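For reference, the structure discussed in these notes is given below.
The values are calculated or read from the model by the stated rules, or taken from the named source; none is laboratory data. What you are looking at is a predicted structure, and each value in this text was computed from that prediction instead of being measured. Quick reminder, even Gly has a Cβ in these numbers, built from the backbone with ideal geometry, and neighbours come from all protein chains shown.
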Amino acid sequence: MPTTRDYYEVLGVSRDASDQEIKSAFRRLARELHPDLNPNDPSAEERFKEAAEAYEVLSDTDQRARYDRFGHAGVRGAGAGGGAQGFGSFQDIFDAFFGGADIFGGGGPASGEDVLVATQITFVESALGVEQDVVVERVEECEACDGSGAAPGSEVHACGTCGGHGHMRQAVSTPLGQMVRQTPCPSCSGTGREISTPCVTCRGRGRVRARSTVNVRVPAGIATGQRIRLSGRGGAGDPGAPDGDLYVEVRVLPDERFVRDELDIIHEVGIPVTAAMTGTIISVPTIEGEEQVEVRAGTQPGAEIRLKGRGFPVVHGRQRGDQVVVVDVRVPRITSDEGQEALRPLAEHLEEYGDDGDDEGFFGRLRHAFR
């Protein structure tokens with residue numbers, strides 16, 4: 001019969017408990033209340049079912065939300081109270097008893113491990129993309145035996161213990177009835193094969209740890225810390241199991257000419273004050289080479305010249321940032337009285353350009369300096 005107790009109280013957790021806290025509390029109770037461990041406590045089975053019912057509701061986001069709002073009435077019609085009818089609850093029960101063994105399958109050949117390597121690229125390469133070779137240490141198929149694990153010329157037979165299935169099935173009794181537990185075959189370690197003469201290179205495993213070179217295409221627009229995933233290029237799995245994935249983490253080396261600002265590239269260029277006053281053409285480095293840029297007459301310090309579409313692209317996208325050229329107007333020092341006298345007449349011809357709340361402006365300050 002469904003419980004009328006508060007589900008949070010049953011599991012011994014607070015109402016704001018995380019999913020992991022709820023799962024941990026249920027597993028602890030499942031081990032504690034198992035009837036086989038409590039032969040002198042006839043109520044253990046009922047308490048076990050009560051905990052399973054509470055967990056089935058609280059482990060489901062939608063059911064938990066309805067329970068928090070309407071109580072038991074909000075979940076009675078949604079399958080609650082059935083004694084852990086959901087597969088998730090079944091699996092957590094068996095995790096508590098059998099250390100995570102999969103009751104619905106598994107126990108066969110092991111998948112390959114994922115591998116993480118790091119690589120460095122230049123600033124320009126990160127903007128334009130590049131192909132690069134990286135050295136990877138991983139588990140690979142043994143070349144001597146083509147991954148069979150058997151010495152050349154020897155035979156491979158189906159495992160006599162498991163009949164070549166790679167796993168064993170065992171019936172176990174639980175408060176929910178008899179269940180079938182599946183575990184790896186102890187004779188063949190889940191491979192389903194018996195090898196008469198093991199390969200001397202891999203010692204019958206069919207796999208060896210080795211170093212190899214992998215060509216990686218680094219996409220344009222990538223940033224430091226981002227990873228590239230190459231599916232199936234990681235460690236080799238057991239025969240019949242998928243290989244792992246290879247992850248390449250990218251580090252972009254700094255460039256003294258450029259700074260990245262999201263999709264934009266910032267470049268600072270210094271020009272003489274006379275060039276800022278009269279205007280000029282300057283050569284500016286970009287990620288695609290030098291480019292001629294016009295600096296208009298009267299350009300102020302800190303002025304920005306935007307080169308459209310010369311920044312970073314979105315990775316695998318069409319949007320692209322700009323290159324922003326920040327102008328640094330450099331005022332030379334006058335080192336002699338003669339120099340000051342020569343420049344004094346120029347001050348009378350300078351027009352003030354006030355902006356950004358600066359009442360005097362750069363050229364006004366420059367005129368006063370010449371005076």
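A few points about this structure:
- Region 9-25, residues that are assigned to a helix (DSSP H, G or I), surrounded by 11 or more Cβ atoms within 10 Å (Cβ to Cβ) and under 34 Å from the mean Cα position of the chain (by Cα): LEU11, ASP19, GLU21, ILE22, LYS23, SER24, ALA25
- Test: residue in region 77-89 that is modelled with pLDDT of 80 or more and part of a helix (DSSP H, G or I): no
- For beta carbons closer than 9 Å, sequence separation of 6+ or different chains, a first residue in region 28-56 that is more than 13 Å from PRO2 (Cα to Cα) and basic (Lys, Arg) and a second that is surrounded by 14 or more Cβ atoms within 10 Å (Cβ to Cβ) and at pLDDT below 80, the qualifying pairs are ARG28/ALA96; ARG31/ALA96; ARG31/PHE97.
- Whichever residue in region 299-330 is β-branched (Val, Ile, Thr) and in a strand (DSSP E or B) and, among such residues, is surrounded by the fewest Cβ atoms within 10 Å (Cβ to Cβ): VAL326
- Just one residue in the set ARG229, ARG251, ARG203 is exposed (fewer than 14 other Cβ atoms within 10 Å of the Cβ) and assigned to a loop (DSSP other than H, G, I, E, B); that residue is ARG203.
- Verdict on ARG193 being assigned by TED's automatic domain parsing to the domain that holds VAL130, modelled with pLDDT under 80, more than 30 Å from PHE123 (Cβ to Cβ) and buried (at least 18 other Cβ atoms within 10 Å of the Cβ): yes
- Total residues in region 267-298 satisfying the condition of being crowded, with 16+ Cβ neighbours inside 10 Å and assigned to a strand (DSSP E or B): the figure is 10.
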